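Beneath this line is the structure, given in structure tokens, with notes to follow.
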Amino acid sequence: MSCRFFAIAAIMGLMGFSACAAQPVSMAEMDRLRAHVTRFWVPPDGLTETIDVRVKLAPDGKVLSAVVDDEATRAQDELYGAAARAARQAVRSASPLPIPPEKASQFEKLVLSFAPRNIQGRR
């Protein structure tokens, strides 16, 4: 059975669920990741929407890719475009992300959700 981890890390709190008991990701580890990426997040003024960035990581936490799925379909929305670029840049600038090496497989693919006042992470 493969191990799947789902977590939500918010500015004001953190919750997580692990589908297996083998080395679950701790709240402190998710909080550390959230806090690290948040330092690089500079949202444009007026942003009211959440920007989801799909992230692929190497085992050492290096960001291999950071993709905003609906960026092309919303090309006419200048504010959304600016926010998408800022979110992608935050992820790239934060590389390598602080992930525990022994749990790298649980962080291989994740989605970081950026909003004006918080950042949320989930796998």
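Using the 10 angstrom Cβ neighbour count as an exposure proxy, how do 34, 74 rank, fewest first?
In order of increasing Cβ crowding within 10 Å: 74, 34.
Quick one: 78, 49, 29, fewest Cβ neighbours within 10 Å first, how do they rank?
With the sparsest Cβ surroundings first, the list reads 78, 49, 29.
Could you name the aspartates and glutamates whose alpha carbon sits less than 18 Å from that of residue 56, not counting residues in the same chain fewer than 8 places away?
Partners found: 29, 69, 70, 71, 102, 108.
Every number in this text was worked out from the coordinates using simple rules, so none of it is lab data. Everything numeric in this text was worked out from a predicted model, so none of it was measured. Quick reminder, even Gly has a Cβ in these numbers, built from the backbone with ideal geometry, and neighbours come from all protein chains shown.
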